[in-house]
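One structure is given here, and the rest of the page talks about it.
The values are calculated or read from the model by the stated rules, or taken from the named source; none is laboratory data. Remember, predicted model here, so these are calculated numbers, not experimental data. Don't worry about glycine lacking a Cβ; one is built from the backbone with ideal geometry, like all the others, and counts go over all protein chains shown. Just the protein is used for accessible areas: all its heavy atoms, side chains included, with ligands, DNA and RNA removed. Shrake-Rupley method; radii C 1.70, N 1.55, O 1.52, S 1.80 Å.
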Amino acid sequence: MADDLYTRYMDALRVWTDHAADCGTCTTTRPACPAGDPLWERLARLQDAYLNHQRNR
C-alpha cells in the first residue's frame, strides 16, 4: 500500500507543479483558479495520507 500511496502522491505533486507552472494565477504553494483547486486538494489529501502512514509505521 505504501508504494502505491507514494506513487499517487508523487503523481499528484507532478500534476500540480505542471499546472502551477503553466497557470497565470496559481503559484506553487496556492491554487488561484477553478482548475487548480481540485489538483491542490488532491495533492493535500495524498500528502496527509502519506505522512500519516509514515508516522504510524
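Worth a mention:
- Among the numbered conditions (1) in contact (Cβ under 8 Å) with a residue 40 or more places away in the chain; (2) over 8 Å from the mean Cα position of the chain (by Cα), the only one that TYR9 does not meet is (2).
- Single residue of LEU51, LEU39 found to be touching a Phe, Trp or Tyr at 6+ places or on another chain (Cβ under 6 Å) and among the aliphatic types (A, V, I, L, M): LEU39
- Residues in the range 1-31 that are in contact with a Leu (Cβ under 8 Å, 6 or more places away or on another chain) and part of a helix (DSSP H, G or I): LEU5, ARG8, TYR9, ALA12, LEU13, VAL15, TRP16, HIS19.
- Matching entry among PRO34, PRO38 (being modelled with pLDDT of 95 or more and assigned to a loop (DSSP other than H, G, I, E, B)): PRO34
- Residue check, THR17 open to solvent by less than 80 Å² (accessible area, probe 1.4 Å) and among the β-branched types (Val, Ile, Thr): yes
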